[in-house]
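Some notes on the structure that comes next.
The values are calculated or read from the model by the stated rules, or taken from the named source; none is laboratory data. Given the structure is predicted, the values throughout are model-derived calculations rather than measurements. FYI the Cβ positions are ideal-geometry reconstructions off the backbone, even for glycines, and counts take in every protein chain you see. Keep in mind that these areas ignore ligands, DNA and RNA; they rest on the heavy atoms of the full protein, side chains included. Shrake-Rupley method; radii C 1.70, N 1.55, O 1.52, S 1.80 Å.
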Amino acid sequence: NVRITKGCPFACAFCSFPLRTEKYDISRLDYIEHELDAIREVGTVTGMCFVDDTVNVTLPTFKEMLRMMIRKNYGFKWHCFFRADFCDEEVVDLMARSNCVGVFLGVESANDQILANMNKTPRKEHYLRSIPLFKKAGIQVFASVFFGFPGETYDTAQETIDFLHETEPDFYRPLIWYCDPVTPIWAEKDKYGVKGYHFSWSHNTMDVATAVH
């Protein structure tokens with residue numbers, strides 16, 4: 001596992017991570033190169049994971065790292081978490097050429113209104129564009145979604161299910177919304193009629209039993 005950033009520049013309403021970390025910062029390229037050189041010198045490493053939630057933010061910085069990895073020809077395969085709204089054909093090509101074999105996409109929902117409720121910056125169109133690019137490049141896609149966030153209905157949940165059928169990621173993980181009182185959405189609980197917390201909750205448009213179903 002390798003980390004090249006600290007903190008998070010975003011504030012998703014279901015996540016407490018940005019509230020518990022320092023200001024977002026990215027390691028210098030020369031430091032990253034030194035780190036990867038040291039991993040190669042071990043001599044036995046064949047695979048690596050960038051554990052950063054936002055490894056491809058900013059996109060130009062990420063591309064510079066990929067070009068460095070291609071130039072150094074490290075040899076080990078790698079995978080990472082990836083934000084689909086910071087994606088274009090060039091970065092996918094660079095990832096493939098630098099031996100990326102898989103990406104983890106926190107899709108969460110395929111409904112744009114639910115994504116807005118979550119304060120997520122990607123939208124459905126970003127995933128519809130990026131997933132085919134990764135599949136064409138031979139990079140496996142793991143999509144994570146969850147059901148029941150405030151505003152969720154049967155129709156919005158079905159849109160996410162239909163999205164999985166349409167895009168056919170190599171792997172997917174369905175979860176149930178965890179109502180955490182230390183996340184930003186808690187400040188809007190009255191707006192959405194949220195009652196209860198953790199895995200015992202209801203709100204104006206769904207309850208946990210419906211989400212499980």
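General remarks:
- Accessible surface computed residue by residue for region 76-213, with neighbouring protein chains in place and a 1.4 Å probe, gives 48 Å² per residue.
- Per residue Cα convex hull volume in Å³ - calculated over the chain: 120 Å³
- Evaluating 6.51 cos²θ - 1.76 cosθ + 1.60 at θ = phi - 60° for every residue in region 187-196, the Karplus couplings come out as 5, 10, 4, 5, 4, 9, x, 5, 10, x Hz, glycine and proline recorded as x.
- Helix-only [θ]222 nm of the chain, DSSP H runs n ≥ 4, -39500 (n - 2.57) each, per residue, nearest 500: -11000 deg cm²/dmol
- Cα-based Kirkwood hydrodynamic radius, region 14-113, one decimal, Å: 14.8 Å
- Stokes-Einstein diffusion for region 150-213, with the hydrodynamic radius set to the Kirkwood value over Cα pairs and evaluated at 20 °C in a medium of 1.002 mPa s, equals 167 µm²/s.
- Across region 150-165, computed HN-Hα scalar couplings (Karplus, 6.51 cos²θ - 1.76 cosθ + 1.60, θ = phi - 60°) run x, x, 5, 9, 4, 5, 5, 5, 5, 4, 5, 4, 4, 4, 5, 5 Hz from first to last residue, x flagging Gly and Pro.
- With all protein chains kept in place, the per residue accessible area of region 1-61 amounts to 58 square angstrom at a probe of 1.4 angstrom.
- Across the accessible surface of the chain, with the other protein chains kept in place and a 1.4 Å probe, carbon and sulfur atoms take up 52 percent.
- Taking all protein chains together and rolling a 1.4 Å probe, Leu115 ends up with roughly 0 Å² accessible.
- A cut-off of 5 Å between modelled amide H atoms, ignoring neighbours fewer than 5 places along the same chain, links Trp201 with Val208.
- Calculated on the Cα set of region 1-62, radius of gyration then Dmax: 13.5, 42 Å.
- Residues whose amide H comes within less than 5 Å of that of Val107, counting only those at least five positions distant or on another chain, are Ser144 (H built at 1.01 Å from N in the peptide plane).
- Database remark: amide H of Tyr172 closer than 5 angstrom to the amide H of Ala143 (H placed geometrically; neighbours at sequence offset of 5 or more, or on other chains; Pro and chain starts carry no H).
- Diffusion coefficient, µm² s⁻¹, Stokes-Einstein with Kirkwood Rh over alpha-carbon pairs of region 100-213 at 25 °C and 0.890 mPa s: 167 µm²/s
- 3J(HN,Hα) from dihedral phi, region 2-10, Karplus parametrisation 6.51/-1.76/1.60, rounded to Hz, x for glycine, proline: 10, 10, 10, 10, 9, x, 8, x, 10
- The per residue volume of the convex hull around the alpha-carbon atoms of region 113-157 is 82 Å³.
- Residues in region 169-194 that a label on Asn204 would reach, taking backbone N under 14 Å of a point 7 Å out along Cα→Cβ: 188-194
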